[in-house]
Amino acid sequence: MEALPAPARDRPELGGQQMIEADGGLQQEERRDPRYQGRLEAVLRVDGAWWRCWIRDLSLGGAGLDPALPALLGREVELRSPGFDFDGGLRGRVINVAEARTCLAFDLEPALQQCLGAFLAANVAAD
């Protein structure tokens with residue numbers, strides 16, 4: 001497996017919390033799971049068709065992808081990347097589409113969730 005790019009720090013991060021802009025200032029956003037932030041090449045399968053994308057953040061609960069794909073809202077998908085070699089892809093559903101981001105929520109079997117957890121533990125920078 002090839003080395004991953006260093007996580008990008010677009011926004012300040014504090015442990016499991018991240019600072020977000022709201023009402024003209026920064027506020028803490030609670031995160032349940034550690035999150036890989038960076039730019040990881042990937043493909044997203046929808047109804048047998050593959051779409052190229054970039055993983056911008058990844059956690060046990062889901063992923064944020066570039067670009068925004070509004071036509072996929074509510075659809076079941078499978079995410080794969082040459083940056084990780086899980087048996088099969090990460091299955092989930094598109095739950096939100098923002099201006100420049102497609103947001104997925106994963107529905108993973110326990111064994112795959114454990115593999116993803118190990119991947120995140122090895123690739124999320126300690127604060």
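What follows draws every value from the coordinates through simple rules; no lab data is involved. Since this is a predicted model, take the numbers as computed values, not measurements. Cβ sites come from the backbone with ideal geometry, for glycine too, and all protein chains shown count toward neighbours.
On the stretch given as the range 69-127, residues that are under 14 Å from TRP51 (Cα atoms), out of contact with any Gly (no Cβ under 9 Å at 6 or more places or on another chain) and of a type in the set (Gly, Ala, Ser) total 2.
For the subset of the range 74-112 comprising residues that are among the small types (Gly, Ala, Ser) and over 15 Å from the mean Cα position of the chain (by Cα), which member is nearest to VAL43 (Cα to Cα)?
Among them, the one singled out is GLY88.
Considering only residues in the range 59-83 that are surrounded by fewer than 19 Cβ atoms within 10 Å (Cβ to Cβ) and of a type in the set (Gly, Ala, Ser), the one that is nearest to ALA105 (Cα to Cα) turns out to be GLY61.
So which residues in the range 84-99 are in a strand (DSSP E or B), exposed (fewer than 15 other Cβ atoms within 10 Å of the Cβ) and not hydrophobic (A, V, I, L, M, F, W, C)? The one that is in a strand (DSSP E or B), exposed (fewer than 15 other Cβ atoms within 10 Å of the Cβ) and not hydrophobic (A, V, I, L, M, F, W, C): ASN96.
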